[in-house]
Amino acid sequence: MTDEGSTVSGRQSPKVDLIPAIPSLRAFAVSICGNPDRADDLVQETLVKAWSSLDSFEEGTNLTAWLFTILRNIYYSEFRKRRRETSDPDGEYAAGLIAPDSQESHMEFQDFRAALQKLPLDQREALILVAASGMSYEEAAEICDCAPGTMKSRVNRARNRLAELMASPTEKS
């Protein structure tokens, strides 16, 4: 293994490419877990795991997709563990801790985030990977381990459902 910044076979070491991927990883993590603090933890765990497994990364493959896959796997592993835990399932206690904001745009963004969280997880992550992260359907399909056609369908259904949720005041909570 070479030092950070040095080259491997005349190419830049993958270690150098980890840093630019952090903003995209964080955006994806926030979108799937809905909690910025937890998202930061997920990104940190992803980077630690990636750093310790860099020898298994295949040169010439997509490092960002590899990182997104690690993050997604960590999230699902923890989700399965936490599924058995029960703490504030209705969110009533947490809602009481939040002071209402007076800025309308902030409230609209909160409505959007709430609607996004109502989407099924597979649709939500597909929408975030393709629409927000700018990945191709093929890249997103590789990360989610599905066919590109399935990814296109998930994104389409997510966009339609999100539009319904944002348009209907009875669906908002």
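Each reported figure results from applying straightforward, stated rules to the coordinates on display, with no laboratory input. All values reported here derive from a predicted model rather than from experimental measurement. As a convention, Cβ positions derive from the backbone with ideal geometry for all residues, glycine included, and neighbour counts pool all protein chains shown.
Peptide packing for 39-48, 158-167 was compared via the average number of neighbouring C-beta atoms within 10 Å per residue; ordered from the highest value, the list is 39-48, 158-167.
Where a ≥ b ≥ c are the square roots of the eigenvalues of the C-alpha gyration tensor, would you call the range 112-173 rounded, which needs a/c under 1.5, or, failing that, prolate if a/b is larger than b/c, or oblate?
Numbers: a/c = 2.62, a/b = 2.36, b/c = 1.11.
It is prolate, given that a/c is not under 1.5 and a/b is the larger ratio.
Neighbours of residue 36, meaning other residues whose beta-carbon lies under 14 angstrom from its beta-carbon, give a summed charge of 0 when Lys and Arg score +1 and Asp and Glu score -1.
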